[in-house]
Every structure is written in C-alpha cells, then in structure tokens.
Amino acid sequence: MIEGLQAIRLRVPDLPLAVRWYTQALEVEPYRVDHAGATFFLDGSLLCLELEAAMADEVPLQNAAYWRVDQIQPELLRLCEPNAAPFEAVAWLDADTQFASVLDPFGNVFGLIQRHDPATLKARIQRVAEKSALRNVRETLDEISAEDAKKRAALKITLTLACAGFALIALLVWDMVRR
C-alpha cells in the first residue's frame, strides 16, 4: 500500500549553489552533504539533491518522487503490471532504508521507499488502526442517521394522522353541537 510522499530526488548541476539555495528556501540545514549530493530532512520527508556529474557513468539520473510503502517488493511488482518498466532495482540507501523505482508509461520516475524502522512501523500500524476505527465510527453514525431519519418520518406520519384524526373529531363534535 502506497502511503505518502517520502522523498524527492532532484538533479542539480551546481551542488554548493543548490545546497545554499535549498537551505535558505527550506530554512533548515542539510542532514547530509558529500561530494555527490545533499539530503534535507523536513517534517518526515527527504529532499535529495544529487550532482549530475556524479552520475555521468551510470544511467542518466532523473528527478523522481519516492512514495513510502510497507513492503517494497510486492509494490514494485504491482506497479510493473500496468505498463510501467523497472528503472532502479531494490537497493539499500542506508541500514534502515530500501528504495526502487519504475518508469511510468510517460517516462517519469515513480519511486518507492521502505524504512525498516520499528517506530515508523508502529506509527503506521496505529494510523491504519485509527483509519479503521474512524471508518467504523462513520458507518455507525451513518446507520444512526438513517435510523433517525426513519423515526422522524414515522413521527411526521403519526403526527399528521393524529392531527387529521383530531380535526375529524373536532368537526364531528362541532356538527353535533350545531344540531
């Protein structure tokens, strides 16, 4: 299941200039800087700047968005089924993080990222449980609403019939009094 945007990878021709610009734009210092790139960590997401020249001997690097997943391999297989082609095989970014990507039918890189972090997994499980609980509450509220609507409709019919009956009795009594 694809959860949310985890990382964006951008190619830059001038790494020092890009680091300065993104540091100022994001108002945060980079998490990691080396000769080939820099990584910014902001609100649970990563911005990875990679020097174009560092990748010259490999497959041309493209800008890419990486989406957070629970299990990277099944998602990678699922994405390759509807007209997508593998681009980057599953690889380790660090001790806790795997990534891979496919090319969508339009030539864009669609990346996946999986973190093997117990705290992240626990938070994700909690979010899934909360979503399920909210769905159950919503369904219950919808059922109560439907029942209330039925009761209101029945009450309106009962009141209408009672008023009609009362009016009929009043007319009969009036007619009897007049005679």
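Looking only at residues of the range 18-32 that are open to solvent by 40 Å² or more (accessible area, probe 1.4 Å) and of a type in the set (A, V, I, L, M, F, W, C), we find that the one that is nearest to G44 (Cα to Cα) is L26. Taking the range 18-30 as the range and being assigned to a loop (DSSP other than H, G, I, E, B) and closer than 16 Å to L51 by Cα as the test, only P30 passes.
Does E130 satisfy the condition of being open to solvent by less than 100 Å² (accessible area, probe 1.4 Å) and not hydrophobic (A, V, I, L, M, F, W, C)? So E130 fits the description; yes.
Condition check ((1) under 21 Å from the mean Cα position of the chain (by Cα); (2) open to solvent by 40 Å² or more (accessible area, probe 1.4 Å)) across all residues:
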position	(1), (2)
R11	no, yes
D34	no, yes
L42	yes, yes
E81	no, yes
F87	no, yes
A91	no, no
A100	yes, no
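Within the range 90-144, the residues that satisfy the criterion of being β-branched (V, I, T) and within 30 Å of Q62 (Cβ to Cβ) are V90, T97, V102, V109, I113, T120.
The values are calculated or read from the model by the stated rules, or taken from the named source; none is laboratory data. A quick note: this is a predicted structure, and the numbers were derived from the prediction, not measured. Heads up, the Cβs are rebuilt from the backbone with ideal geometry, glycines too, and the neighbour counts pull from every protein chain shown. Accessible surface areas use protein heavy atoms only, side chains included; no ligands, DNA or RNA. Shrake-Rupley method; radii C 1.70, N 1.55, O 1.52, S 1.80 Å.
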